[in-house]
Amino acid sequence: MKTFLKQLFLLIPLLLLTSCFDILDKVNVKADGSGEYTIILNASKSKTRLASISKMETINGKKVPKKSEIEAKINEAAKILKATSGISNVKTSMDFDNYIIKLSCNFKNIENINSGLKQLKAKNILGKMVPTQIYSQNLANKTFTRNKINSFRSDYDKMSKADKEIFTDAKYTSIMQFENSIKSQTNSSYLLSPNKKALKLEANVLDFILQKKQLQNTILFQ
């Protein structure tokens, strides 16, 4: 099932070598539908291990990617996003001392992000199993939707014990911030902020793979 893992984590192959990493997926949406999207991959909890691994050629039969290879992937992703209609102000940062990688951009409407992810997949920057139709919005109906994604449960069940361990301590956090106040939502697993303008869902990556928690949510604004 190493192929399955590569299809998920093609962008950052170092994630294949450690189970302790965090993914932060954040979107900040204005009243007119424009906003900012940010994704942060944080493996700082494993930085000592990764620093040692980075000096090796291979580990457990897997090729250890060089920093230059990772930088090239991130820079290529940024170039593709910059060329995507509706996306602007693309920024990247790579901290190889703490193994934190960040990519952010502005969008005219949230569907631009879906288009950008689709382009990244088409250019083999993202793995084939990474979803691209993540968000949708209807300004007239005052709704914003985090779309349902496919389950990887059957793929996970076929994995070896060693490959399954990659997900043991991996965490994923989704944060959605809005200029408008939230009236209701369809997924109560998301925590609503006191000012009713933000939602947060945090769980182990494995919880989503095993469908213990769902990402989909439709938000209705006041």
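Just so you know, all these numbers are worked out from the coordinates, no wet-lab data involved. None of the values given here were measured: they were computed from a predicted structure. Note: ideal-geometry Cβ built from the backbone for every residue, glycine included; neighbour counts use all protein chains shown.
Key figures for this structure:
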{"read-out": "Among Phe208, Asn98, Ser88 the positive-end extreme of the charge dipole of the chain (Cβ point charges)", "value": "Phe208"}
{"read-out": "Residues Leu191, Leu81, Leu103, Leu210 arranged by fewest to most Cβ contacts within 10 Å", "value": "Leu191, Leu210, Leu103, Leu81"}
{"read-out": "Degrees, to the nearest 10: 67-82 long Cα axis against longest axis of the chain", "value": "20"}
{"read-out": "Sum of -39500 (n - 2.57) over DSSP H runs of 4+, divided by residues of the chain (222 nm, nearest 500)", "value": "-7000 deg cm²/dmol"}
{"read-out": "Between 0 and 90°, nearest 10: helix 111-122 axis offset from the chain longest Cα axis", "value": "20"}
{"read-out": "Point-charge dipole on Cβ atoms (K/R +1, D/E -1) for segment 89-129, about Cα centre, debye to 20", "value": "260"}
{"read-out": "Sequence-distant aspartates and glutamates (8 or more away, or on other chains) whose Cα lies within less than 17 Å of Lys73", "value": "Asp95"}
{"read-out": "Centre separation in Å (Cα based) which lies between segment 20-77 and segment 126-203", "value": "18"}
{"read-out": "Potential lengthening between Arg49 and Lys118 on full extension [0.36 nm per residue; Cα-Cα distance subtracted]", "value": "21.6 nm"}
{"read-out": "For Arg153, Arg49, Arg146, order by how many other beta-carbon atoms lie within 10 Å, fewest first", "value": "Arg153, Arg49, Arg146"}
{"read-out": "Inter-label distance for Asp32 and Ser189, nm, one decimal - labels placed 7 Å from Cα along Cα-to-Cβ", "value": "3.5"}
{"read-out": "Shape of segment 99-158, Cα gyration tensor, a/c cut at 1.5", "value": "oblate"}
{"read-out": "Inter-label distance for Leu139 and Ile40, nm, one decimal - labels placed 7 Å from Cα along Cα-to-Cβ", "value": "3.0"}
{"read-out": "Choice from Ala77, Ala162, Ala31 with maximal GNM fluctuation in the chain (Cα, 10 Å cutoff)", "value": "Ala162"}
{"read-out": "Rough spin-label spacing in nm, given labels placed 7 Å along Cα→Cβ, for Gln222 and Glu69", "value": "5.2"}
{"read-out": "Global form of segment 142-216, assessed from the alpha-carbon gyration tensor, a/c cut-off 1.5", "value": "prolate"}
{"read-out": "Given charges at beta-carbon only (K, R positive; D, E negative), |dipole| of the chain in Debye", "value": "220"}
{"read-out": "For segment 104-222, size of Cβ-based charge dipole, Lys and Arg +1, Asp and Glu -1, in debye", "value": "260"}
{"read-out": "Whole-number percent relative contact order across the chain, with pairs defined as alpha carbons under 8 Å at least 6 apart", "value": "24"}
{"read-out": "Calculated FRET efficiency for the pair Ala162/Lys91, C-beta based, R₀ 30 Å, to 0.05", "value": "0.25"}
{"read-out": "Eligible lysines near Lys66 by straight Cα distance, threshold 22 Å, same-chain separation 8 or greater", "value": "Lys2, Lys6, Lys45, Lys47, Lys55, Lys79, Lys91, Lys102, Lys121, Lys123"}
{"read-out": "Qualifying lysines (Cα of each under 18 Å from Cα of Lys30; at least 8 residues distant if same chain)", "value": "Lys108, Lys142, Lys183, Lys196, Lys197, Lys200"}
{"read-out": "Whether segment 2-221 is rounded, prolate or oblate, judged on the alpha carbon gyration tensor where a/c under 1.5 counts as rounded", "value": "prolate"}
{"read-out": "Leading residue at positive end of dipole, segment 51-178 (Cβ point charges), from Val130, Tyr172, Val64", "value": "Val130"}
